[in-house]
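The block underneath contains the structure these notes are about, expressed in structure tokens.
The values are calculated or read from the model by the stated rules, or taken from the named source; none is laboratory data. Since this is a predicted model, take the numbers as computed values, not measurements. For neighbour counting, all protein chains shown are included, and Cβ atoms are generated from backbone atoms with ideal geometry for every residue, glycine included. We work out accessible area using only protein heavy atoms, side chains counted, and drop any ligands, DNA or RNA first. Shrake-Rupley method; radii C 1.70, N 1.55, O 1.52, S 1.80 Å.
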Amino acid sequence: MTARGDFIEKFGGVFEHSPFIAERAYDSGLVFVPLTAKGVHAGLVSVFRKASHEERLGVLRAHPDLAGRLAIAGELTEDSKKEQAGAGLDRLSAEEHARFTELNTAYTIKFGFPFIIAVKGLDKQDILAAFEKRIHNSAQEEFETAAAQVERIALLRLLSMLPEG
């Protein structure tokens with residue numbers, strides 16, 4: 001496999017189900033050796049921010065609902081599964097699960113993509129509070145907030161894979 005192929009295989013999922021970001025970062029010369037979390041993140045974020053609105057929306061839509069149907073069916077990516085479990089979203093009471101489902105549905109109807117938050121360091125109460133606050137944002141505010149959260153999730157994933165740098 002080529003260096004490009006290795007890079008895309010390793011980092012293509014950092015932005016959920018969106019390998020085009022790693023492909024473009026590599027092809028644009030935004031990747032520098034030695035690979036560090038901050039360096040790779042800078043290259044990937046540069047591509048994400050330059051992507052069209054529709055491409056960015058596609059990245060947002062690639063994220064799973066928190067404690068949603070993919071989690072129940074066991075179909076989350078390994079990263080998403082670990083992230084949601086770390087916040088206790090795999091251990092919700094029936095009432096908590098009902099509230100997350102209700103908010104997920106309302107949020108997706110309003111914004112056209114799932115609620116996205118970097119859950120590391122948060123618990124289910126923190127996440128629920130953010131959910132209940134952010135559902136009142138404007139479409140533009142929430143698109144920008146969700147995109148910033150996607151970038152944070154990418155950094156956290158990269159920090160688990162590479163030295164910080």
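Of the residues in the stretch 13-27, not one is in a helix (DSSP H, G or I) and within 17 Å of GLY165 (Cα to Cα). Cβ separations smaller than 9 Å between residues 6+ apart or across chains give the following pairs from the stretch 110-136 residues that are among the aliphatic types (A, V, I, L, M) to residues that are open to solvent by 60 Å² or more (accessible area, probe 1.4 Å): ILE117/ASP126; ILE117/ARG152; ALA118/ARG152; VAL119/GLY86; VAL119/ASP126; LEU122/GLY86; LEU128/ARG99; ILE135/LYS110.
So, in the stretch 138-149, of the ones that are touching a residue at least 24 places away in the same chain (Cβ under 8 Å), within 17 Å of PHE15 (Cβ to Cβ) and small (Gly, Ala, Ser), which residue ends up surrounded by the fewest Cβ atoms within 10 Å (Cβ to Cβ)? Among those residues, the one meeting the criterion is ALA147. Within the stretch 150-165, residues that are under 16 Å from GLY121 (Cβ atoms) sit with their Cβ atoms under 8 Å from residues that are outside any helix (DSSP H, G or I) and basic (Lys, Arg), at 6+ positions apart or across chains, in these pairs: LEU156/LYS120.
Among the residues of the stretch 40-76 satisfying the criterion of being open to solvent by less than 60 Å² (accessible area, probe 1.4 Å), of a type outside the set (Gly, Ala, Ser) and part of a loop (DSSP other than H, G, I, E, B), which is modelled with the highest pLDDT? Looking at the filtered set, the residue picked out is HIS63. Against the definition (among the hydrophobic types (A, V, I, L, M, F, W, C), surrounded by 16 or more Cβ atoms within 10 Å (Cβ to Cβ) and free of Cβ contacts under 8 Å to residues at least 40 places away in the same chain), how does ALA37 come out, yes or no? No, not satisfied. Can you give me the number of residues within the stretch 109-137 that are open to solvent by 50 Å² or more (accessible area, probe 1.4 Å) and either assigned to a helix (DSSP H, G or I) or among the small types (Gly, Ala, Ser) (or both)? Residues that pass the stated criteria total 8.
Among the listed residues GLY165, GLY88, which satisfies the condition of being open to solvent by 50 Å² or more (accessible area, probe 1.4 Å), in contact with a Lys or Arg (Cβ under 6 Å, 6 or more places away or on another chain) and either basic (Lys, Arg) or at pLDDT below 95 (or both)? Only one candidate qualifies: GLY165.
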